[in-house]
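Worksheet: the structure to be examined is printed underneath.
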Amino acid sequence: MLGHGDLPIVALARFPVTIPVTFADDDAGLAQCLRRRPSVRLLTRRELDTPLRSYDLSDLDEAELRQIAYWQPGTLGELLFHHWD
């Protein structure tokens, strides 16, 4: 399970975790437990694998947009979980 450092979101990844991360959907019932915690949102593999160009990034600040331009994440998951770190 991957957790975001600033946002109340988590994602599941295949083990062992590789770079780039291969996101996964729940197959062991973990999602049911997480859905009972309204303070955390579990993102699906479909959401995480969606191309970044499909999202409106206009609310991001200039520094965030510079990082995106430099690192060029291709999907929402790569952006949220910093595929470059």
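Laid out as a table, the results:
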item	result
The chain: relative contact order in percent, alpha carbon pairs under 8 Å with at least 6 residues between	28 percent
Farthest toward positive dipole pole in the chain [+1 Lys/Arg, -1 Asp/Glu at C-beta], among G3, L60, F15	F15
Net charge, D49 excluded, C-beta distance under 11 Å - Lys, Arg +1, Asp, Glu -1	-1
Residue-normalised accessible area of the chain, expressed per residue, 1.4 Å probe, Å²	73 Å²
Stretch in the chain that is longest and holds no trypsin sites (Lys or Arg not before Pro) that DSSP places in a loop and that have at most 11 other beta carbons within 10 Å	37-85
Simple Cβ-charge dipole of the chain, Lys/Arg +1 and Asp/Glu -1, about Cα centre, in debye nearest 20	400 debye
Helix-only mean residue ellipticity at 222 nm for the chain, each DSSP H run of n ≥ 4 adding -39500 (n - 2.57), per residue, nearest 500	-7000 deg cm²/dmol
Per residue, the convex hull volume that the Cα atoms of the chain enclose (Å³)	101 Å³
Within the accessible area of segment 23-85 (1.4 Å probe), percent carbon and sulfur	49 percent
Cα long-axis angle, helix 62-71 against the chain (0 to 90 degrees, to the nearest 10)	80 degrees
Difference of contour (0.36 nm per residue) and Cα-Cα distance, T50 to T22	8.8 nm
Environment charge of L34, counting only residues whose C-beta is closer than 9 Å and scoring Lys/Arg +1, Asp/Glu -1	+3
Y70, Y55, reordered so the largest accessible area comes first (probe 1.4 Å)	Y70, Y55
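The values are calculated or read from the model by the stated rules, or taken from the named source; none is laboratory data. Every value quoted in this text rests on a predicted model; they were computed, and no experiment measured them. Reconstructed Cβ throughout: ideal geometry from the backbone, glycine too, with neighbour counts over all protein chains shown. Surface areas here come from the heavy atoms of the whole protein model, side chains and all, with no ligands, DNA or RNA. Shrake-Rupley method; radii C 1.70, N 1.55, O 1.52, S 1.80 Å.
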